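*Asks:* Structure incoming, see below.
Just so you know, all these numbers are worked out from the coordinates, no wet-lab data involved. This structure is a prediction, so every number in the text was calculated from the model and none was measured. In this analysis, Cβ positions are derived from the backbone assuming ideal geometry, glycine residues included, and neighbour counts consider all displayed protein chains.
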Amino acid sequence: MDTKRQYEVVFIVDPAADEEVPKLTESFSQIVTDQGGAVTKAETMGKRQLAYEILHHKDGTFVLLEIEGSGREIAELERRMRVNDRVLRYITVRVDEDRRRAEKLKERRARKAAKRPSHGGGSAPRRGPAMEFAEAGE
């Protein structure tokens, strides 16, 4: 498992621990780098209302981490989140295949657009049956 994969980890922090969010994010980033991974993006998305109550909390601070690694660091990160009392919920999603698939679709659309003839100023506008009907009534 030596290939680098991309993951997105979103975790919700207890709203009472707002001042601890940067420190918590930094410690989780350090765990990833110690395990050989790299944090490509760390973003605090702010305090938001939860869809349902979690441990008697109606809101929480959401944090997104984009991680590049082999997967070993994800296991350690999730283990640490599981035992941390400040983390209400977390989810990890592997996104490298989805991004690769989206990139292929984008390239395919660009190739099709390049093949399509562009209708410039020299040609007559396209006329549909409604235009022909309107002209016949005049």
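*Asks:* Across the range 93-108, in residue order, what do the Karplus-derived ³J(HN,Hα) couplings come to in whole Hz, using 6.51 cos²θ - 1.76 cosθ + 1.60 with θ = phi - 60° and x for Gly and Pro?
*Replies:* Along the range 93-108, the couplings run 10, 7, 10, 5, 5, 5, 5, 5, 5, 5, 5, 5, 4, 5, 5, 5 Hz.
*Asks:* For the range 1-104, with only Lys/Arg (+1) and Asp/Glu (-1) charged at the beta-carbon, what is the dipole magnitude about the Cα centre, in debye rounded to 20?
*Replies:* It comes to approximately 320 debye.
*Asks:* Here is a follow-up. So between D59 and R111, what do we pick up on full extension, going 0.36 nm a residue minus the alpha carbon distance?
*Replies:* 14.2 nm
*Asks:* May I pose another question? What is the extension gain from A102 to D18, computed as 0.36 nm multiplied by their sequence separation minus the C-alpha to C-alpha distance, in nm to one decimal?
*Replies:* Computed gain between A102 and D18 is 26.7 nm.
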